[in-house]
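J.: My structure is below; once you've seen it, I'll send some questions.
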Amino acid sequence: MDQFDLAIIGAGPAGMAAAQEAAGHGLRVVLLDEQARPGGQIYRDVDRAGSLRGDILGSDYTDGRRLTAGLRHDGIRHVTGAVVWAIEEGFRISYTREGRAAQLAADRVLIATGALERPMPLPGWTLPGVMTAGAGQILLKQSGVLARRAVLVGSGPLLYLIAAQMVRAGTPPQAMVETQTTADLLRAMRHLGGALRGWPYMLKGLKLLAEIVRARVPRHTGAVGIKVEGDGRAEAVRFTSRGRSQRIACDTVFLHHGVVPNTQAARSLGVAHRWNADQTCFAPVLDRWGGTDVTGIFIAGDGGGIGGAKAAEIAGKIAALRIAELAERLTEVERDGHAVPLRAALDRELAARPFLDAAYPPCAEALSPEDKTVICRCEEVTAGKIREQARLGCLGPNQAKAYGRAGMGPCQGRYCGLTVTALLAEANGRTPDETGYYRIRPPLKPVTLGELAAMEETPLDKAEKEITT
């Protein structure tokens, strides 16, 4: 079994930056990623799509080529198409690639799996034609596909980015149905100082809004009572905004109300997590170097708390410095010297985050859906069923599995976990920390018996060669 100084899971900005920093200090690094090409979600397929659609996707996207180019380093082994499904003590990592399971070992592990879009369970959200805004971006980045007659629903800066990209592509959205209110903006003003410190980030947002306004895309803010209507597929969005009931006919609905840390891998290792009230989600408990309470496990990027692509890149480098020091490739003094400018840059990147979190909170109706709304799509469990289970004595998500199978589908609670926690906490009068989250066990992703049977303890070089030939 191949042994590495550091195994990094995820080739987004945090993972790529950490790999380069660690390899630059002499560590032997393996970078495991599910995608065929590096970039993560924010820089997805940037080496290919950047030259094809860079004018539509923008300079923030094409900037990712700077990071992908850095992976061409003798100390970095980048394994593409690798679905990690177990991380065991030691650390032994099991993954599947090209229909075949394999294993490798590492002295330390950096989890850089990024974020997931927050699920937005609203009436009609399971209809064909309804998808997350991030899924719409994947279609654009990888295939150049854009939805026509689309309505964007929710809140947050990502909606403005996607709307502006659709405008540039010549297929502007029919409307933006936004859930944030004037009251939210007023509450955010207490963080104005931080927003001004993070003025480059805020300026980008204003430029995106200007593009949307110039294209005359209708915007409806403070929307409530949102429902997706349709007979067999999405046909319209109905809502109330500023006291006026409206219905917009459409073919596609993009939902988005923020992103949350992808905590599955960290939870499978028993890493401690805590409820972040400002971002309305759980996040791992980290030290200033990205270290966890499990020795040898580090987390960087949005998987440790939402901060954005630039912040993730910097956090990856900071974690790599600590790992290099532990591997005795840097002294403590050298580590701290390298970290000083990085920490200053990270502070600047995160300065505007409190303002954005307050100005664009998650949609309240999706955090506490009406009883008939399905919240666990894998097992078709409704919000009403979870509330009924609470009345019967269910206190936490793990009990909910026994009561009604919520969280027991292929996604293992990735997309319903926060909703189940919120519903049970509300029904039982408990905090999210008291209510808890699903207990995550391997396999983290589905793996077949055939893939397990094909596992061989061959060196990684040989296994990759056999797969590619």
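Yes/no matrix, rows are residues, columns are (1) in a loop (DSSP other than H, G, I, E, B); (2) in the same structural domain as Ala183 (by TED's automatic domain parsing); (3) surrounded by fewer than 19 Cβ atoms within 10 Å (Cβ to Cβ):
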residue	(1), (2), (3)
Asp336	no, no, yes
Asp357	no, no, no
Pro362	yes, no, no
Lys385	no, no, no
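J.: Could you go through the stretch 263-277 and let me know if any residue there is within 23 Å of the chain's Cα centre (by Cα), touching a residue at least 12 places away in the same chain (Cβ under 8 Å), farther than 28 Å from Pro446 by Cα and surrounded by 19 or more Cβ atoms within 10 Å (Cβ to Cβ).
T.: Checking the stretch 263-277: not a single residue is within 23 Å of the chain's Cα centre (by Cα), touching a residue at least 12 places away in the same chain (Cβ under 8 Å), farther than 28 Å from Pro446 by Cα and surrounded by 19 or more Cβ atoms within 10 Å (Cβ to Cβ).
J.: Determine which member of the set Ala454, Ala400, Ala422 is hydrophobic (A, V, I, L, M, F, W, C) and closer than 17 Å to Glu379 by Cα.
T.: Being hydrophobic (A, V, I, L, M, F, W, C) and closer than 17 Å to Glu379 by Cα holds for just one of Ala454, Ala400, Ala422, which is Ala400.
J.: Still on this structure, I have one more. Counting just the residues of the stretch 278-287 that are touching a residue at least 12 places away in the same chain (Cβ under 8 Å) and not in a strand (DSSP E or B), which one comes out farthest from Arg118 (Cα to Cα)?
T.: Per the stated criteria, the residue is Leu286.
J.: Need at least 1 residues that are over 30 Å from Ala364 (Cα atoms) and out of contact with any Asp or Glu (no Cβ under 9 Å at 6 or more places or on another chain) per element, so show me which strands (runs of 3 or more DSSP E) inside the stretch 74-155 make the cut, counting only ones lying wholly within it.
T.: 76-79, 83-88, 92-97, 100-111
J.: Can I ask one more? Quick check on this structure: which one of Ala115, Ala135 is within 19 Å of the chain's Cα centre (by Cα) and surrounded by 18 or more Cβ atoms within 10 Å (Cβ to Cβ)?
T.: After ruling out the rest, the residue left standing is Ala115.
J.: Among the numbered conditions (1) touching a strand residue (DSSP E or B) at 6+ places or on another chain (Cβ under 8 Å); (2) buried (at least 21 other Cβ atoms within 10 Å of the Cβ), tell me where Thr126 comes up short.
T.: Condition not satisfied by Thr126: (2).
J.: What are the pairs with Cβ atoms under 6 angstrom where one residue, in the stretch 390-405, is within 11 Å of Gly417 (Cα to Cα) and the other, located anywhere, is in a helix (DSSP H, G or I)? Sequence gap at least six, or different chains.
T.: Matching pairs, first to second residue: Gly396/Thr435; Pro397/Val420; Pro397/Thr421; Ala400/Gln389; Ala400/Val420.
Residues checked against (1) within 24 Å of the chain's Cα centre (by Cα); (2) in a loop (DSSP other than H, G, I, E, B); (3) not β-branched (Val, Ile, Thr):
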site	(1), (2), (3)
Glu328	no, yes, yes
Arg348	yes, no, yes
Lys372	no, yes, yes
Glu388	no, no, yes
Leu395	no, yes, yes
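J.: Please find, among Asp60, Asp47, the residue that is of a type in the set (D, E, K, R) and either in contact with a Gly (Cβ under 9 Å, 6 or more places away or on another chain) or within 18 Å of Gly290 (Cβ to Cβ) (or both).
T.: Matching residue, one of Asp60, Asp47: Asp47.
J.: Across the stretch 46-61, what is the number of residues that are touching a residue at least 60 places away in the same chain (Cβ under 8 Å) and over 21 Å from the mean Cα position of the chain (by Cα)?
T.: Final tally of qualifying residues: 4.
J.: Name the residue that is surrounded by the most Cβ atoms within 10 Å (Cβ to Cβ), counting only residues in the stretch 11-25 that are out of contact with any Lys or Arg (no Cβ under 8 Å at 6 or more places or on another chain) and assigned to a loop (DSSP other than H, G, I, E, B).
T.: Top of the filtered list is Gly12.
For every residue, the table says whether it meets (1) in contact (Cβ under 8 Å) with a residue 40 or more places away in the chain; (2) within 23 Å of the chain's Cα centre (by Cα); (3) surrounded by fewer than 23 Cβ atoms within 10 Å (Cβ to Cβ).
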residue: Asp63; (1), (2), (3): no, yes, yes
residue: Trp85; (1), (2), (3): yes, yes, yes
residue: Ser94; (1), (2), (3): yes, yes, yes
residue: Gln103; (1), (2), (3): yes, no, yes
residue: Ile111; (1), (2), (3): yes, yes, no
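J.: I've got another one for you. Among residues belonging to the stretch 162-183 that are polar (S, T, N, Q) and closer than 26 Å to Ala358 by Cα, point out the one that is surrounded by the fewest Cβ atoms within 10 Å (Cβ to Cβ).
T.: Thr182
J.: So which residues in the stretch 402-421 are more than 18 Å from the chain's Cα centre (by Cα), surrounded by 24 or more Cβ atoms within 10 Å (Cβ to Cβ) and not in a loop (DSSP other than H, G, I, E, B)?
T.: Val420, Thr421
J.: If you don't mind, there's one more thing I want to ask. Just checking, how many residues over the stretch 26-45 are in contact with a helix residue (DSSP H, G or I) (Cβ under 8 Å, 6 or more places away or on another chain), surrounded by 18 or more Cβ atoms within 10 Å (Cβ to Cβ) and touching a residue at least 60 places away in the same chain (Cβ under 8 Å)?
T.: 8
J.: Out of curiosity, is Ile318 under 16 Å from the mean Cα position of the chain (by Cα), buried (at least 18 other Cβ atoms within 10 Å of the Cβ), of a type outside the set (Asp, Glu) and closer than 21 Å to Thr68 by Cα?
T.: no
J.: What about Leu186, is it more than 25 Å from the chain's Cα centre (by Cα), assigned to a helix (DSSP H, G or I), over 17 Å from Ile248 (Cα atoms) and modelled with pLDDT of 95 or more?
T.: The answer is yes for Leu186.
J.: List pairs: first residue in the stretch 415-429 and free of Cβ contacts under 8 Å to residues at least 24 places away in the same chain, second residue assigned to a helix (DSSP H, G or I) and not small (Gly, Ala, Ser) anywhere in the structure, Cβ distance under 7 angstrom, at least six positions apart or on different chains.
T.: Gly417/Pro397; Ala425/Pro432; Ala425/Thr435
The values are calculated or read from the model by the stated rules, or taken from the named source; none is laboratory data. Note that this is a predicted model, so its numbers are computed, not measured. Glycine also receives a Cβ, built like all others from the backbone with ideal geometry; neighbour counts cover every protein chain displayed.
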